[in-house]
Amino acid sequence: MESLEYIRFVAGLAVVVGLIAAAAWAARRFGLAPRISGGGAGRLGIVAVQTVDTRRRLVLVRRDDREHLILIGPNSETVIETGIATKPVGESPQ
């Protein structure tokens, strides 16, 4: 009887792990989880991501000392504004 309990435990664990994997896949597939992550190193990085609606996102990308605002959708990408100057770290706004 004890081995039957172990088999039921392992089967239950497999079902739970499968449900977690299915939920993660569904979240990515239907746009509930962010696909773009920041923290780029070097010359290129993502400053901010803002959801416009379920299918489109505004992304602020930094390249060197310039930022570019891009609208990303499932079928196209549109540059909204380019060449936005950034101020150095520690500089106070005027």
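The values are calculated or read from the model by the stated rules, or taken from the named source; none is laboratory data. The shown structure was predicted, so the numbers you read here are calculated from the model rather than taken from an experiment. Cβ sites come from the backbone with ideal geometry, for glycine too, and all protein chains shown count toward neighbours.
List of remarks:
- Here 84, 70 are screened, and the one residue that is in a strand (DSSP E or B), farther than 17 Å from residue 32 by Cα and at pLDDT 90 or above is 70.
- Whether a residue is modelled with pLDDT of 80 or more, surrounded by fewer than 10 Cβ atoms within 10 Å (Cβ to Cβ) and of a type in the set (Gly, Ala, Ser) was assessed, and residue 37 does not pass this test.
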